[in-house]
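The block underneath contains the structure these notes are about, expressed in structure tokens.
Nothing in this text is a laboratory measurement; each read-out follows from the coordinates by a stated rule. Here the structure is a predicted model, which is why all the values come from computation and not from measurement. All Cβ positions, even for glycine, are placed from backbone atoms using ideal geometry, and neighbour counts span all protein chains on display.
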Amino acid sequence: AQTVTQSQPEMSVQEAETVTLSCTYDTSESDYYLFWYKQPPSRQMILVIRQEAYKQQNATENRFSVNFQKAAKSFSLKISDSQLGDAAMYFCAYSTGSGGGADGLTFGKGTHLIIQP
Amino acid sequence: NAGVMQNPRHLVRRRGQEARLRCSPMKGHSHVYWYRQLPEEGLKFMVYLQKENIIDESGMPKERFSAEFPKEGPSILRIQQVVRGDSAAYFCASSAYDGQPQHFGDGTRLSIL
């Protein structure tokens, strides 16, 4: 079974600084997808970024980028120029399908990101 | 284009009652997923449905839980004879097909008295 591990229950960063959230996963598949979701206090689940395992290039979405290390099974999220609105729980997730596949998404336990003004 | 709609937003039930949670996927989406989030935990996959078919229910508890996605109308997650341990946030997500990311609803928070 696939597992996703987020080893940082909580992270804190000064506004405008850069922060990196870590995620490791375990799978025997060669083709899969990795995601970072954000869950603010409103409890919405918002897709932040997606990475296809067959792509070597790291995904980027504005201030959000990933460091995908396939051999190490590591998938960290970097947030540059942190803003107060970035404060939320961040969940790393895995799937064998492009958006969920037959087994849905497997989530880590989350990292609570605090932005200090 | 409306997003994934879940209702009710909050549901309170007494032990032994039935809970029905509804999910209307985004327009054009035919794949529906249900997840459960316990306090201080990540989301756990429960079931994946397409219209009139359960594709994968490997995450569903064996008893008291069922899900459907009829040809017409929303997907329903049904919990019979609820117990305190069923208290959680239940999220629904939808996608157009396997090639697209899942979009989540705002969740239903189920509280059991």
Taking the alpha-carbon centre of each part, the distance from segment B:9-88 to segment A:40-58 in Å is 23
Full extension between B:SER87 and B:GLU40 adds, at 0.36 nm per residue less the Cα distance, a length in nm of 15.6 nm
Here the tail fraction of P(r) beyond 15 Å, over all Cα-Cα pairs of segment B:36-80, rounds in percent to 48
For A:VAL13, the net charge from surrounding residues (Cβ-Cβ under 13 Å; K, R +1; D, E -1) works out to -3
Chain A, Gaussian network, Cα under 10 Å: of A:SER42, A:SER76, A:SER12, the residue fluctuating most is A:SER42
Taking every residue of B:42-49, the Cβ atoms of other protein chains inside 10 Å of its Cβ average out to 6
Going fewest to most other Cβ atoms within 10 Å around each Cβ, A:LYS55, B:LYS44 line up as A:LYS55, B:LYS44
Least to most buried among B:GLU57, A:GLU29, by other C-beta atoms within 10 Å and fewest first, runs A:GLU29, B:GLU57
Expressed to two decimals, chain B has a Cα Rg over Rh, using the Kirkwood radius, of 0.95
Extend 7 Å from the Cα of B:GLN50 along its Cα-to-C-beta direction; within segment B:6-30, residues with backbone N under 16 Å of that point are B:28-30
Each residue of B:101-108 has, on average, a number of other protein chain C-beta atoms within 10 Å of its C-beta equal to 6
By the mean-Cβ-within-10 Å protection proxy, highest first, B:10-18, B:48-56, B:68-76 rank as B:48-56, B:68-76, B:10-18
Final fewest-first order of A:MET45, A:MET11 on the 10 Å Cβ neighbour count is A:MET11, A:MET45
Of the listed pairs A:LYS55/B:LYS27; A:LYS78/B:LYS44; A:LYS38/A:LYS78; A:LYS38/B:LYS44; B:LYS27/B:LYS51, those with alpha carbons more than 18 Å apart are A:LYS55/B:LYS27; A:LYS78/B:LYS44
Averaged over the residues of A:41-47, the number of partner chain Cβ atoms within 10 Å of each residue's own Cβ comes to 5
With A:ILE114 itself left out, Lys, Arg at +1 and Asp, Glu at -1 over residues whose Cβ is under 14 Å from its Cβ give -3
